[in-house]
Amino acid sequence: MTQLEAGPLPMRLLAIETSGEACSVALFEDGALVDARHETIGRGHAERLVPMIGELPGRGRADEIRVSLGPGSFTGVRIGLAAARALGLAWGARVRGYPTLALVAAMARSQGTDEVAVCMNGGHGEWFVQAFDNAGQPSSELVSLPPQDAVDYLATDKVAGNRAEDFAKASANDIASLSLIADARHVFSIPDALLTDVLSPIYGRAPDAKLPA
C-alpha cells in the first residue's frame with residue numbers, strides 16, 4: 001500500500017463503505033459531517049449505493065472520495081470501488097482507499113478502546129483478523145483463518161467487529177467484545193498513513209478460482 005503524507009482537508013469529502021453487510025455513505029464539509037446514510041442490507045449494494053449517494057446534499061458531490069478497499073465481500077468491495085472511480089472521474093475528484101479493518105478499529109477507539117483486535121466475516125466460514133495499536137496502526141498482519149485458528153492467532157483482551165462476540169466466546173480467556181459494522185461516518189478517524197491512491201482491493205486471502213496446472 002502506498003502511504004501518503006497528510007495534507008489539508010478537502011472542502012467536501014464523500015466516504016463509501018460497501019465491504020460488508022452495510023451500505024454506508026457519508027458526506028463531510030471541512031471535516032465536519034454534513035449528512036449520512038447507513039443501512040444494513042446484507043446484499044443489494046449495487047442497487048442501493050448510487051441512490052443513497054443521490055440522497056445526500058448536492059447529490060453527494062465532493063472534492064475527494066474515500067472508499068473501502070476491503071477485505072470483505074468481493075462483490076461489495078468491487079461495487080464501492082467502481083462507484084468511487086466513476087464519480088471521481090465525473091467530478092474531477094481525488095479518490096483514496098482505506099482498509100476496512102482499520103475503519104472498525106477507529107470506531108472502537110471512538111468508544112474508548114485503545115489497543116484492539118478486529119474480527120470480521122471472511123469467506124468459506126473463515127474470519128479476517130488483525131490487531132491495531134492505540135494510534136490505529138496495524139500491529140499484526142491481516143490474515144483469514146478458521147475461527148479457532150483466528151482466536152489462537154491473536155493474543156488480545158479486546159476485540160471489535162461483526163464477529164467480535166463469537167471470537168470472545170471461542171476464546172478460553174476473558175475478552176471484552178464490541179460488536180461493530182463498518183460505518184462510513186468514521187472515516188476521518190482512520191490514520192492518514194493508511195490511506196492510499198492505489199485502488200486495489202484488499203482480499204485478505206487467496207482467490208477461490210485456481211489457474212489450471
Next item on the list: Work out the FRET efficiency for residue 11 and residue 90 from their Cβ-Cβ distance, taking R0 = 25 Å, and round it to the nearest 0.05.
Entry: 0.90
Item checked: For residue 163, solvent-accessible area (1.4 Å; no DNA, RNA or ligand), Å² -> 80
Check: So what J values fall out for region 77-90 if you push phi through Karplus, 6.51 cos²θ - 1.76 cosθ + 1.60 with θ = phi - 60°, rounded to Hz, Gly and Pro as x?
Finding: 4, 5, 5, x, 5, 4, 5, 5, 5, 5, 5, x, 5, 5
Next item on the list: Read phi for every residue in region 60-73 and hand back ³J(HN,Hα) as whole Hz from Karplus 6.51 cos²θ - 1.76 cosθ + 1.60, θ = phi - 60°, with x for Gly and Pro.
Entry: x, 4, 8, 7, 9, 10, 10, 9, 5, 9, x, x, x, 5
Check: residue 149 label point, 7 Å along Cα→Cβ, cut-off 11 Å on backbone N: hits in region 183-206?
Finding: 206
Check: In degrees from 0 to 90, rounded to the nearest 10, what is the angle of the helix 45-54 Cα long axis to the longest principal axis of the chain?
Finding: 40
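What whole-number value in Å² describes the accessible area per residue of region 43-172 for a 1.4 Å probe? Walk me through the numbers on the way to the answer.
Numbers: 5630 Å² over 130 residues.
Result: 43 Å² per residue.
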Check: When the Cα centres of region 135-198 and region 13-46 are compared, how far apart do they sit, in Å?
Finding: 20
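What percentage of the solvent-accessible surface of region 67-202, computed with a 1.4 Å probe over protein heavy atoms, is contributed by carbon and sulfur atoms? Working shown, then result.
Numbers: 2680 of 5640 Å².
In region 67-202, the share of accessible area belonging to carbon and sulfur is 47 percent.
Work out the FRET efficiency for residue 199 and residue 135 from their Cβ-Cβ distance, taking R0 = 35 Å, and round it to the nearest 0.05.
Values: r = 25 Å, r/R0 = 0.70.
Approximately 0.90, to the nearest 0.05.
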Check: What residues have an amide H closer than 5 Å to that of residue 93, excluding those fewer than 5 places away on the same chain, when H is modeled at 1.01 Å from N in the peptide plane?
Finding: none
Note to self: With a 1.4 Å probe and all protein chains left in place, how much of the accessible area of region 20-63 comes from carbon and sulfur atoms, in whole percent?
What the structure shows: 47
Note to self: On the principal axes of its Cα set, how long, how wide and how thick is region 58-204? Give whole Å, largest value first.
What the structure shows: 52, 32, 23
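The values are calculated or read from the model by the stated rules, or taken from the named source; none is laboratory data. All values derive from a computational prediction rather than experimental measurement. We place every Cβ from the backbone using ideal geometry, glycine too, and count neighbours over all the protein chains shown. We work out accessible area using only protein heavy atoms, side chains counted, and drop any ligands, DNA or RNA first. Shrake-Rupley method; radii C 1.70, N 1.55, O 1.52, S 1.80 Å.
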